[in-house]
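Everything below concerns the one structure shown next.
The values are calculated or read from the model by the stated rules, or taken from the named source; none is laboratory data. Note that this is a predicted model, so its numbers are computed, not measured. Cβ placement follows ideal geometry from the backbone for every residue including glycine, while neighbour counts extend to all protein chains displayed. Just the protein is used for accessible areas: all its heavy atoms, side chains included, with ligands, DNA and RNA removed. Shrake-Rupley method; radii C 1.70, N 1.55, O 1.52, S 1.80 Å.
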Amino acid sequence: MNAIAVQNLTKQFGSFTAVDNISFDVKRGEIFGFLGANGAGKTTAMRMLCGLSFPTRGEATVAGFDLFREAEKIKKSIGYMSQKFSLYEDLTIKENIRFYGGIYGLTDGQIKSKTDFMLQHLGLSEQANTLVKSLPLGWRQKLSFSVAMVHEPQIVFLDEPTGGVDPVTRREFWTMIYEAAHAGTTVFVTTHYMDEAEYCDRVSIMVDGRIDALGTPTELKEQFSASDMAGVFLKLARRAKRGDD
Amino acid sequence: MKSVIVNGVQKSFKANKGSVQALKEISFDVEQGELFGLIGPDGAGKTTLFRILTTLMIADSGSASVDGFDVVKDFKAIRKRVGYMPGRFSLYQDLSVEENLSFFATLFDTTIEENYDLVKDIYIQIEKFKHRKAGALSGGMKQKLALCCALIHKPSVLFLDEPTTGVDAVSRQEFWELLRQLQKQNITIVVSTPYMDEASLCDRVALIQQGSLLDIDTPKGIMNKLGKPLWSVRASDMYVLMKELKSMYEVFSCYPFGQEHHVIFHNDGQSILEIETALKKKGIADAQFKRTEPTIEDSFMKLMNK
């Protein structure tokens with residue numbers, strides 16, 4: 001079964017069509033890269049898939065639930081992490097895990113075992129009582145990802161998770177993504193780093209609200225006669241007419 | 001002449017427990033008319049350094065000068081001569097595009113007309129929105145307006161703090177083309193970025209990490225300093241390939257780079273045949289090694305590993 005199935009999904013704001021009739025599927029356990037220039041409609045599409053914005057028309061299921069009728073069930077079955085906001089800086093690492101565990105309805109026992117597991121897995125056991133704001137960005141991003149997975153969601157949405165992160169940590173982060181996908185979690189990720197697009201199983205590229213390309217990195221490079229994903233992206237994004245105004 | 005001189009600058013901030021050293025004895029020079037890149041991840045100290053050089057913050061120790069003026073004693077002279085585009089959008093959201101530009105021109109005792117030729121190439125791209133409030137512009141447009149406002153008084157040195165963060169690959173490329181154009185007008189440009197691929201577009205770069213400079217050189221110079229042969233490798237299962245390579249004692253480092261992994265061996269003369277044979281024993285029959293040229297990221301990671 002597909003983790004995400006989208007048919008002709010559209011979102012209009014007044015006369016402006018932010019997302020224009022997009023259709024695609026994401027398989028279970030797949031790492032799906034969702035690319036596009038600034039203003040192409042990625043964020044709007046992602047907000048709809050997370051049940052945060054109501055589509056104007058179309059059909060979609062996420063984690064097997066209908067986007068129009070079962071948005072609350074979707075929210076319980078997915079994890080979400082963005083670069084901008086994911087953790088409470090004035091809470092400690094342990095408190096953040098407890099908070100998110102509580103939000104997703106985990107029992108005290110589950111929260112305790114999750115906390116122990118995560119702290120050990122991340123090598124943060126000694127910093128359990130450190131405030132998140134004093135953690136280096138790279139650690140914060142890894143912790144955010146783990147916290148987004150605290151309720152073992154079927155799908156995790158990552159919105160530019162590696163922006164501004166140093167090159168070593170950026171790669172460690174992708175190792176975590178691979179591990180999650182290997183364990184069966186579906187990963188839906190956006191990024192501005194084109195080398196990261198190569199790490200995805202399949203990639204879609206949005207232009208002016210539409211999905212203008214979809215395939216494995218190898219297929220897309222062949223289709224657009226480019227040597228790497230940066231080349232594919234530049235060719236497609238240059239087609240954009242509406243710009244980012 | 002040197003446009004910027006930084007000499008042993010240190011800066012610490014108080015944190016909840018003790019203090020954080022944001023800059024640890026930083027020293028470097030920037031030549032007049034140079035496009036100089038400060039490359040490093042978030043938290044490296046880039047913004048602190050910019051704030052010291054633009055006289056908005058005073059270093060704990062060390063000295064620095066911009067355009068021949070001391071950042072502490074001559075702060076007023078420096079403020080007239082530098083353009084500064086902070087990382088966070090800091091124009092007046094409730095003023096229109098045109099009002100913002102005219103406001104900054106007035107602050108520096110000039111007019112938009114007087115220096116129009118300097119901002120023209122950038123301003124024409126946003127001129128059709130000149131009556132729109134700055135707060136209602138898209139990210140790319142805001143960035144162009146901010147650059148215009150930083151340029152309108154014809155600064156001799158331009159400081160740009162992460163102008164391309166969060167910007168897509170196409171707009172990033174366009175922005176760097178703009179910087180190249182500006183450089184021709186003999187403006188010294190100091191620009192910071194967390195994107196390592198942008199380093200190759202600078203004349204010289206300083207790599208910075210946790211408050212320390214890892215290296216300063218031309219992009220080519222930095223790439224050449226990797227010091228060991230670099231190999232790229234591909235196989236059908238890249239995930240397993242990574243795991244196996246990392247577990248081999250011959251391997252010094254192995255990182256994913258797009259569709260390849262980049263590998264450095266402990267021993268420069270490592271026989272690839274041996275490695276391929278060892279991989280075959282572990283079930284990876286199709287690993288293909290090729291010698292490859294290092295990128296700035298390869299060098300940065302090697303320097304981080306030291």
Task: Sole residue being hydrophobic (A, V, I, L, M, F, W, C) and either within 25 Å of A:Gln83 (Cβ to Cβ) or open to solvent by 20 Å² or more (accessible area, probe 1.4 Å) (or both), chosen from B:Leu158, B:Leu214, B:Leu182, B:Leu241 - done: B:Leu214
TODO: Can you work out which of the residues in region B:162-189 that are within 12 Å of another protein chain (Cβ to nearest Cβ) and not in a helix (DSSP H, G or I) is farthest from the chain's Cα centre (by Cα)?
DONE: B:Asp168
TODO: Please indicate, with yes or no, whether at least one residue in region B:150-159 is of a type outside the set (Lys, Arg), outside any helix (DSSP H, G or I), more than 30 Å from B:Ser65 (Cβ to Cβ) and out of contact with any Phe, Trp or Tyr (no Cβ under 6 Å at 6 or more places or on another chain).
DONE: no
TODO: May I ask you to verify whether A:Val156 is more than 11 Å from chain B (Cβ to nearest Cβ), in a loop (DSSP other than H, G, I, E, B) and of a type in the set (A, V, I, L, M, F, W, C)?
DONE: no
TODO: Could you figure out which of (1) within 13 Å of chain B (Cβ to nearest Cβ); (2) open to solvent by 10 Å² or more (accessible area, probe 1.4 Å); (3) in contact (Cβ under 8 Å) with a residue 60 or more places away in the chain; (4) not small (Gly, Ala, Ser) isn't true of A:Glu172?
DONE: (3)
Task: Within region A:142-152, considering residues that are more than 12 Å from the chain's Cα centre (by Cα) and open to solvent by 10 Å² or more (accessible area, probe 1.4 Å), the one nearest to the other protein chains (Cβ to nearest Cβ) - done: A:Lys142
Open item on the list: I want to confirm something. Restricting to region A:232-245 and keeping residues that are open to solvent by less than 20 Å² (accessible area, probe 1.4 Å) and facing another protein chain (nearest Cβ under 10 Å), which single residue is modelled with the lowest pLDDT?
Closed with: A:Ala237
- [ ] Any chance you could count how many residues in region B:1-51 are in contact (Cβ under 8 Å) with a residue 60 or more places away in the chain and within 14 Å of chain A (Cβ to nearest Cβ)?
- [x] 12
Task: Filter result for A:Tyr193 (of a type outside the set (Asp, Glu) and crowded, with 22+ Cβ neighbours inside 10 Å) - done: yes
Open item on the list: For the structure I just gave you, tell me whether B:Ser192 is part of a strand (DSSP E or B) and within 12 Å of chain A (Cβ to nearest Cβ).
Closed with: yes
Open item on the list: Tally up the residues in region B:82-109 that are over 17 Å from B:Pro163 (Cβ atoms) and open to solvent by 20 Å² or more (accessible area, probe 1.4 Å), please.
Closed with: 12
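Does A:Lys114 count as farther than 30 Å from A:Met229 by Cα and among the basic types (Lys, Arg)?
Here the answer is yes, as A:Lys114 does meet what is asked.
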Open item on the list: For region A:23-61: of the residues being assigned to a helix (DSSP H, G or I) and within 14 Å of another protein chain (Cβ to nearest Cβ), which is nearest to B:Gln173 (Cα to Cα)?
Closed with: A:Lys42
Task: Hits in region B:65-103 (condition: in a helix (DSSP H, G or I), of a type outside the set (S, T, N, Q) and within 17 Å of B:Met141 (Cα to Cα)) - done: B:Val97, B:Glu98, B:Glu99, B:Leu101
Task: Those residues of region A:19-45 which are crowded, with 19+ Cβ neighbours inside 10 Å, at pLDDT 95 or above and over 21 Å from A:Glu198 (Cβ atoms), in sequence order - done: A:Val19, A:Ile22, A:Ala45
